[in-house]
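The values are calculated or read from the model by the stated rules, or taken from the named source; none is laboratory data. Here the structure is a predicted model, which is why all the values come from computation and not from measurement. With ideal geometry, Cβ positions are generated from the backbone for all residues, glycine too; neighbour counts draw on all protein chains shown. Surface accessibility is based on the protein's heavy atoms, side chains included, excluding ligands, DNA and RNA. Shrake-Rupley method; radii C 1.70, N 1.55, O 1.52, S 1.80 Å.
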Amino acid sequence: MIDTINRNTPVSKQALIEGILQLKKEKNAVLLAHYYQDPDIQDVADYVGDSLGLSQQAAATDADIIVFAGVHFMAETAKIINPSKKVLLPDVTASCSLAESCTPPGFAQFLHANPDHVVISYINCSAEIKAMSDIICTSANAEKIVNSVPAGQPIIFAPDKNLGAYIMKKTGREMLLWDGACIVHEAFAIDKILTLRNEHPDAKFIAHPESEENILKVASYVGSTTGMINFAKTNPANKFIVATEAGLLHQMQKEVPDKILIPAPAEEDNNCACSECAFMKVNTLEKLYRCLLNEQPEITMPEELRLKALKPLERMLELSR
Ligand code: 13P
Ligand code: SF4
């Protein structure tokens with residue numbers, strides 16, 4: 001079957017799916033996918049989850065190969081945590097606006113100008129930034145991680161200023177914030193969301209904490225992608241307006257097949273009421289197939305950097321048990 005997929009001829013979706021499933025088996029590869037991946041990719045994955053769940057899966061797997069259907073910092077994190085595995089990313093250009101906002105020289109300068117702070121970095125950053133941090137967090141455990149720092153100890157939180165501001169409010173802790181943001185979550189339009197809420201008074205509005213404060217303060221629930229799914233599952237409401245990347249609705253709808261899910265509108269939306277992360281969506285079934293077949297592109301890094309980046313990730317995993 002696999003040999004019949006010719007490099008130069010277009011192949012059917014079904015042939016790609018079958019090829020991916022066969023290659024995974026042959027090579028003892030595990031496919032980890034983030035909720036923001038294309039629905040077809042989510043459907044062939046062995047595990048679909050949020051950043052914390054994906055890191056935990058990467059740490060625990062006994063597969064020989066981890067294929068990461070997500071963005072670069074996620075695959076890099078898997079390699080840092082589980083270096084004996086071959087870690088593949090279908091498209092190495094799958095970046096993230098948060099990771100890009102925080103360059104190692106700029107961050108080094110920021111830390112130098114603000115000494116004696118505990119440095120908490122959101123997992124959406126490069127290995128170099130992780131290596132300069134004391135603890136890593138995700139949106140699922142940020143509150144817990146911040147609360148683990150002794151009272152009175154100054155904290156730097158990077159690179160997401162929106163998540164940082166939200167956690168400051170939740171914990172009552174002052175933190176020095178790096179000025180980064182997610183381009184997808186910053187695009188939600190509060191006016192359109194309020195109008196939609198008026199049109200659907202029976203709907204609960206739920207949002208990801210990478211969104212801006214004006215969005216978060218009108219939400220009935222704020223949490224990670226997994227947290228949002230769990231809320232939709234356990235809350236008695238039958239309708240939810242969902243402010244996060246549109247890919248999440250695929251998995252959420254599977255979990256709550258009888259409930260109505262409405263994607264929150266973004267500023268630019270005209271015809272489609274959805275928000276897609278262009279970085280996440282560079283991965284395709286075809287790239288995934290080629291990546292498994294050729295075992296490329298592979299994520300590697302200098303061992304010295306990996307060991308430095310591992311420490312704050314281990315602290316996060318320890319605190320998240
Ligand atoms: P979580 O899935 O951890 O909530 O993160 C969302 C996100 O933006 C990942 O890039
Ligand atoms: Fe980065 Fe935002 Fe895309 Fe997540 S959704 S990968 S935070 S740009």
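When a/c reaches 1.5 or more, the comparison of a/b and b/c decides; with that in mind, is region 16-61 rounded, prolate or oblate per its Cα gyration tensor? Oblate, because a/c is 1.5 or more while a/b does not exceed b/c.
Size of the dipole of region 103-229 about the Cα centre, Lys and Arg at +1 and Asp and Glu at -1 on the beta carbon, nothing else charged, in debye to 20?
Computed about the Cα centre, the dipole is about 280 debye.
For the chain, the share of accessible area belonging to carbon and sulfur comes to 50 percent (1.4 Å probe, ligands and nucleic acids excluded). Summarising the strand pairing of the chain, around 5 percent of its internal DSSP beta bridges are antiparallel.
Note on the chain: with charges restricted to the Cβ of Lys and Arg (+1) and Asp and Glu (-1), its dipole about the Cα centre is near 620 debye. In terms of its C-alpha gyration tensor, region 176-282 comes out rounded, because the ratio a/c of the largest to the smallest axis stays below 1.5. Dividing the mean sequence gap of close Cα pairs (under 8 Å, 6+ apart) by how many residues the chain holds gives a relative contact order of 22 percent.
Share of Cα-Cα pairs in region 240-321 beyond 18 Å, in percent?
On the way: 2247 of 3321 pairs.
More than 18 Å apart: 68 percent of the Cα pairs in region 240-321.
Ranking G70, Q153, C96 by Cα position along the charge dipole of region 54-175, where only Lys, Arg, Asp and Glu carry charges on their C-beta atoms, puts Q153 farthest toward the positive end.
Only DSSP H runs of four or more residues enter the estimate; each adds -39500 (n - 2.57), and after division by the residues of the chain the mean residue ellipticity at 222 nm equals -12000 deg cm²/dmol.
Set against the 2.2 N^0.38 Å expectation for a compact globular protein, region 1-147 has a Cα radius of gyration ratio of 1.21. Listed peptides 160-171, 212-223 appear in the order 160-171, 212-223 once ranked by packing, highest mean of other Cβ atoms within 10 Å at the front. Structure shown: which of K79/K311; K217/K259; K169/K308; K192/K217; K144/K311 lie over 20 Å apart, alpha-carbon to alpha-carbon? Beyond 20 Å: K217/K259; K169/K308.
For the peptides 65-77, 194-206, the ranking by packing is 65-77, 194-206, with the highest mean count of neighbouring Cβ atoms within 10 Å listed first. Principal axis extents of the C-alpha atoms in the chain (largest first, rounded to whole Å): 61, 54, 33.
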